[in-house]
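Read through the structure below, which is laid out as structure tokens, and then see the notes.
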Amino acid sequence: MRTIDEFTITDAALEQMSLTGDPRLKVVMASLVRHLHDFAREVDLTPAEWLAGIGFLTAVGQKCTPHRQEFILLSDTLGLSSLVNALHDKRASEAATKSSLQGPFYRQDAPLMNLGDSIISKSEGTEIVFYGRVLDSTGKGIRNALIQIWEPDETGNYDLQKHDPSEMDLRGCFRTDAEGRYYFRGLCPTGYMIPMDGPVGELIRAQRRHGYRPAHIHFVIGAPGYRELVTALYVAGDDHIESDTVFGVSESLIVTLNKKDPSSPLPNLPSIHYNFHLAAATNQMSGRVGADPAQITGASRGGM
Ligand SMILES: [Fe+2]
């Protein structure tokens with residue numbers, strides 16, 4: 001009979017899990033248990049702290065609904081989402097635009113619009129044009145790429161945070177033209193504080209972090225034969241660009257608002273220009289570190 005102590009427990013747990021059928025599940029769970037046990041030994045975890053952790057994770061789960069994903073927010077604020085993005089980028093077969101956070105506010109049912117249309121349906125704020133091209137690694141335009149876009153309103157809130165599913169705003173999907181070009185109208189991006197009224201916000205306050213994200217707009221870009229790109233563009237000059245609470249900013253994703261731009265397809269509006277690069281797909285692996293909250297809960301958003 002093995003004596004279970006603070007060291008033998010790790011091998012005992014690994015041994016019981018050693019017959020796991022799925023080889024990837026076996027590797028992931030064995031590593032998780034080793035690190036989790038090392039963590040508990042390193043901090044000399046007490047029963048009260050263990051219970052506080054269980055209480056915290058329970059509260060995170062209870063905060064999740066078809067329009068809110070507190071677990072994604074937790075992953076984002078711990079830097080885990082950004083780390084998973086970096087690992088995903090490293091596996092690309094070709095250089096491409098860097099990934100950035102999908103975050104908890106993506107929605108899968110945004111309407112398909114025509115190039116030049118506005119994604120603003122209800123919000124008020126400064127209208128600008130976003131334009132550029134979607135290119136392959138050789139600089140050739142990718143035609144008919146699907147671009148999904150979402151951004152917060154001028155108060156820094158997404159439509160999902162308004163808890164009314166019929167109020168879709170500041171979202172849209174576009175198809176690139178024959179040269180890979182895209183352009184659409186939207187709001188000049190606004191920075192915001194992440195949702196602070198749940199357990200993640202409580203932790204952020206306990207850690208004396210400000211909770212802000214710099215101004216940005218989200219993109220998911222896909223085309224057959226290419227790796228789907230999940231990224232965001234960040235506006236230069238924002239006070240929190242160096243201290244994003246969820247670690248989404250990369251220098252190559254920082255853009256400048258151009259007040260006068262004769263090259264813009266809508267030169268009367270201020271503009272943000274950016275060309276995205278997609279890598280060729282070597283497998284069907286998704287780059288999404290996030291999901292529509294309604295997909296995760298498995299419940300419909302309708303009627304809520
Ligand atoms: Fe965002």
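The values are calculated or read from the model by the stated rules, or taken from the named source; none is laboratory data. Because the structure is predicted, anything quoted here is derived from the model rather than measured. Cβ: placed from backbone, ideal geometry, glycine included. Neighbour counts: every protein chain shown. These accessible areas exclude ligands, DNA and RNA; they are computed on the full protein's heavy atoms, side chains included. Shrake-Rupley method; radii C 1.70, N 1.55, O 1.52, S 1.80 Å.
Considering the zone a paramagnetic label at Lys140 would reach in this model (a point 7 Å from Cα along the Cα-to-Cβ line), which residues of segment 81-110 have amide N under 20 Å from it?
The answer is 93-97, whose backbone nitrogens lie closer than 20 Å to the label point.
Any chance you could list the semi-axes, whole Å, largest first, of the equivalent ellipsoid that the Cα gyration tensor gives for segment 1-151, using √(5λ)? Numbers along the way, then the final one.
Values: eigenvalues 381, 102, 36 Å².
Listed largest to smallest, the semi-axes of segment 1-151 are 44, 23, 13 Å.
Taking the Cα-to-Cβ direction at Thr297 and at Ala95 and moving 7 Å from each Cα, how far apart do the two end points lie in nm?
4.4
With each label point set 7 Å from Cα along the Cα-Cβ vector, what nm distance links Glu202 and Leu45?
Going by the 7 Å Cα→Cβ label model, 1.9 nm.
Report the full-extension gain for the segment Asp22 to Leu78: residue separation times 0.36 nm, less the Cα-Cα distance, to one decimal in nm. Write out the running numbers ahead of the final one.
Working: separation 56, 0.36 × 56 = 20.16 nm, distance 2.80 nm.
The span from Asp22 to Leu78 would gain 17.4 nm if fully extended.
With a cut-off of 8 Å between alpha carbons and a minimum separation of six or more residues, what is the relative contact order of the chain in percent? Write down the numbers at each step before the final one.
Values: 573 pairs, mean separation 72.8, N = 304.
Reported relative contact order: 24 percent.
Taking only Cα atoms and a 10 Å spring cutoff, compute GNM fluctuations for the chain and point out the largest among Asp89, Asp197, Asp169.
Taking springs between Cα atoms under 10 Å, the residue moving most is Asp197.
Could you identify which residue out of Arg34, Arg181, Arg133 has the top mean-square fluctuation in a GNM of the chain using Cα springs shorter than 10 Å?
Arg34
Whenever you get a sec, line up Leu32, Leu146 from highest to lowest accessible area (probe 1.4 Å, protein heavy atoms). Intermediate results must be reported in sequence, preceding the final value.
Numbers: Leu32 90, Leu146 50 Å².
The ranking, largest first, comes out as Leu32, Leu146.
Using DSSP to call loops (not H, G, I, E or B), can you name the GluC sites (Glu not before Pro) in segment 93-171 whose Cβ has at most 13 other Cβ atoms within 10 angstrom?
Values: sites: Glu94, Glu124, Glu127, Glu154, Glu167; in loops: Glu94, Glu124, Glu154, Glu167.
Hits after loop and neighbour filter: Glu124, Glu167.
Sort Val27, Val289, Val60 by accessible area with a 1.4 Å probe, largest first.
Working: Val27 85, Val289 30, Val60 0 Å².
Reading off the accessible areas and sorting them downward yields Val27, Val289, Val60.
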